[in-house]
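Before any comments, here is the structure.
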Amino acid sequence: MSVTTLFQKKQSQLSGLLLLTLPLVFLWSGVGEPLKQLLIRSVSNNDGQYIGFKNFINYFSNSGLVDALLHSVFVSLVVMVVSVSIAFMVAFGLVRSQLWGKHALQALIQIPLFVPSIFPCLGLIYLLGGQGLISQYLTDFDLYGPIGVILGGIIFTLPHAVLLLTTTLRGIDSRLYQAASCLGASSWRQFTSITLANSAYGIISACFVVFTLTMTDFGIAKVLAGQYSMLATEIYKQVIGQQNFSMGATISLVLIVPTCMAFFVDGWARKKQARLANNQTVQDVNPSTLRDVLLTIVCWLPCAALLMVIGVVVWGSLISYWPYDFSFTWANYDFDAFGYGWQPYWNSLILAVMVAVFGVIITFFTSYVSLRATAPKFITGLVRFFALLPLSIPGTVLGLAYIFAFNRPDSWLNAWQGTFAILAFNTIVHLFSVSFLTFNSTVGRLESNYEHVGRSLSVPQWLTFFRVIVPLSQLTLLDIFFYLFVNTLTTVSAVVFLYGSNTILASIVILNMDDSGNLAAASSMGSLLLVTALFIKSIHVFIINKGKKNEYCK
């Protein structure tokens, strides 16, 4: 190896190391330092004095707090079984049948993704609450408790499970079904031997995703749990209600344990499922009148239930006084009358734009340098570890950790408290992992020869990045932009501890309005977020379809 080549290699390693330092500092500040402070606070009292594991001993000695853990696990398991079972039927109908209205069903089943988790809870109150449309025909039915949380969890998690399982079923090699048909295998035999066998790991992955979402969600438990204690709300009660920050940190670490377990099992299942996946798309399925009619009914029933729950909230925002005066009115959208005005809605839009713009830049840069920068594997592995860590941290826990890390006089981010900057920082970190993994998949498919060719032509790598890599990744960049935008609009748990009087968000206002009994106003603000998210999604779909059409014309 010549001296020049050796020098160039060393220079490349040094530049790669410097480039990786930037995302590493960002991720340590956004994940590592907050978790460190959370851990320190869990072994300290409220005065900051070290007390060892006394908080954990007190936690497990408190039957009420232990019950909250057991309740959370129980509800999450029930939601997991029911939601994944329904989702599998819907996904099977979408992929392996010719049911009626397939494209409409696939679009409508995703509507709960465009609202905060509290939004379906409002619909359940309208339908099954004390003065609900349906509850008046039910005897001894109590929505506020485990039943309500389970119903809310199913509605909230069903779209996530359907998306995962649809992708899993579409990845099954269609040639297996063709071979089975040629060999005379019955439909039931094909279902058990091919569909179930090849989607087992996808089902496991969906189970743990649903479990984690239910276990860590704050909005549903806050609205529908009532006196039924759960971990996510216990953290809020300890911190906001009792100002017991040390116990709040302790409960947060307890909550992290099952979510971390679910995260690792989900990662294992995804890798196993990826080995079974085939790039071929599933071919048209032979029509079967009985099968298609049954699956049309089975698949549209849960979708109709979702639409009823979501639709009744929109309707509730437009009527004068529930449940006595159903006349039409816009008065519920006069948010000034409820003491909030329209500022929370504009705050949500401002934050969504900030997170979408800066989130795309930061996550794309992190993904690119972690894959293409020449640096020791230890450093790239460390970046990847911190990039995936937020996936296993509940939003409520991350928000509380930010208080411990940055709400201190010696913190360089102390001046950011209550500002859009800290909200955007927290939300980008909270949503970092999905964006990072998506960009990894896109950049990983691009030829590394682009950079090699650029260097051989004496073109700087940054120029190759902007002229080649970015244009080739534009569809994914667009997808992540809209993903971050919509999820920021609907987030609750990640920011519930961090907003200020001038930066309160619409999703938090919905929670506060429901607490104060203003159900119609909460429905109006939620409906506004729903319309905004759907409008943004329609723009996304329009741009994607236009891009595909232009590419086809070329």
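What follows is calculated from the coordinates using simple rules that are stated; it is not laboratory data. The structure presented is a predicted model; accordingly, all values stated were derived computationally and were not measured. Here the Cβ is made from the backbone with ideal geometry for all residues, glycine too, and neighbour counts use every protein chain on show.
Given in Å, the Rg to one decimal and the Dmax to the nearest whole number for the Cα atoms of the chain are 25.0, 87. The ellipsoid equivalent to the alpha-carbon distribution of the range 9-124 has semi-axes of 41, 32, 13 angstrom, derived from the gyration tensor eigenvalues as √(5λ) and listed largest first. Sequence-distant contacts, meaning Cα pairs under 8 Å at least 6 residues apart, place the relative contact order of the chain at 23 percent. Stokes-Einstein diffusion for the range 51-280, with the hydrodynamic radius set to the Kirkwood value over Cα pairs and evaluated at 20 °C in a medium of 1.002 mPa s, equals 110 µm²/s. Using the Cβ-Cβ distance between Gln417 and Phe385 with R0 set to 30 Å, the FRET efficiency works out to roughly 0.60. The modelled label-to-label distance between Leu478 and Trp315, using points 7 Å beyond Cα along the C-beta direction, is 3.7 nm. Computed from the Cβ-Cβ distance with R0 of 51 Å, the FRET efficiency linking Ser15 to Leu138 stands at 0.15. Each label point was placed 7 Å from the Cα along the Cα-to-Cβ direction; for Ile543 and Leu196 their separation is 4.4 nm.
Strictly greater than 21 Å: what percent of every Cα pair in the range 358-467 meets that? Taking all Cα-Cα pairs of the range 358-467, the fraction more than 21 Å apart is 49 percent.
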